[in-house]
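Here the structure comes first, spelled out in structure tokens, and everything after it is commentary.
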Amino acid sequence: MTELVFLVILLAGGMAIVAVANSLIRVIIGAEVAIMAGIWGPALSGDLSLLAAAAVTGVAETVLMVATVYRLAKEGHV
Amino acid sequence: MLWPLSIIALLLILVIIRVRDNILAAISLTFLGVTVAGAVWLLSPEFSAAFILITLVYIVAALTLVVVAAASLSENSRTVEMRPAALASLAALPLLLMPGVEQRVVDARVDPLLILLSAVLLLFSFIVAVRLSHD
């Protein structure tokens with residue numbers, strides 16, 4: 001039960017951060033919090049391979065989101 | 001046992017929502033990553049390798065966000081409206097009605113094929129990121 005409460009806190013909290021965001025950095029931070037829920041889910045399954053895949057995917061999407069927001073900042077959209 | 005960590009995570013999310021500085025919010029994200037990593041470690045101590053992995057992931061992520069936020073300090077007051085996304089998160093609430101996690105067999109081995117696939121994925125995303133930010 002506590003595991004699911006933790007999962008819902010991360011999911012709903014991430015979306016709440018996105019909802020009240022006033023800059024694109026905040027949107028990325030909210031997405032990162034929701035991705036932590038995506039890492040916590042495989043941890044509940046008890047399989048380290050799933051957990052490693054989730055963490056590596058988290059790194060990859062963070063790199064892409066940060067590169068995108070850097071490009072947007074360079075063009076003056078942030 | 002996970003209740004204190006849940007409360008800490010909730011407080012950190014509230015800090016991220018309330019604080020006005022992007023850099024402080026990114027640093028709070030680092031602490032939230034350490035909290036989640038500690039929760040994974042508390043859930044099954046066989047996953048102590050995952051603690052290091054998740055901690056490193058979020059320290060690097062938050063540091064990059066700090067650099068980008070510092071590079072774009074020209075704040076304007078135009079708000080980004082994403083309230084439908086918050087309403088969509090309410091769809092996660094029925095998850096609380098699911099039955100709890102039963103006693104499970106913990107598998108602490110990593111498939112060696114996964115290392116190759118992760119390396120290819122990371123290399124590809126780094127190439128895309130470099131092309132995106134240096135053109």
Just for the range A:58-78: of the residues that are touching a Ser or Thr at 6+ places or on another chain (Cβ under 9 Å) and closer than 21 Å to B:ALA9 by Cβ, which one is surrounded by the fewest Cβ atoms within 10 Å (Cβ to Cβ)?
A:GLU61
In the range A:52-78, how many are at the interface with another protein chain (Cβ under 7 Å from one of its Cβ atoms), of a type outside the set (Val, Ile, Thr) and over 28 Å from B:GLU46 (Cα atoms)?
5
Looking at B:ALA119, B:ALA70, B:ALA37, B:ALA92, which is the one that is at pLDDT below 70, more than 7 Å from chain A (Cβ to nearest Cβ) and in a helix (DSSP H, G or I)?
B:ALA70
Among the residues of the range B:1-34, what is the count of those that are of a type in the set (Lys, Arg) and not in a helix (DSSP H, G or I)?
1
Under 8 Å between Cβ atoms, at least 6 apart or on separate chains: pull out the pairs that start in the range B:42-57 with a residue that is more than 10 Å from every other protein chain (Cβ to nearest Cβ) and without any contact (Cβ under 8 Å) to a residue 60 or more places away in the chain and end on any residue that is exposed (fewer than 14 other Cβ atoms within 10 Å of the Cβ) and hydroxyl-bearing (Ser, Thr, Tyr).
none
Those residues that are crowded, with 19+ Cβ neighbours inside 10 Å and facing chain B (nearest Cβ under 7 Å), I need them from the range A:28-51; list them, please.
A:ILE28, A:ILE29, A:GLU32, A:VAL33, A:MET36, A:ILE39, A:TRP40, A:ALA43, A:GLY46, A:ASP47, A:LEU48, A:LEU51
Within the range B:1-47, which residues are of a type in the set (Ser, Thr, Tyr) and farther than 20 Å from A:LEU11 by Cβ?
B:SER44
In the range A:1-29, how many residues are closer than 17 Å to B:ALA25 by Cβ, among the aliphatic types (A, V, I, L, M) and in contact (Cβ under 8 Å) with a residue 24 or more places away in the chain?
4
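The values are calculated or read from the model by the stated rules, or taken from the named source; none is laboratory data. None of these values were measured; they are calculated from a predicted model. Neighbour counts run over all protein chains shown; Cβ positions are idealised from the backbone, glycine included.
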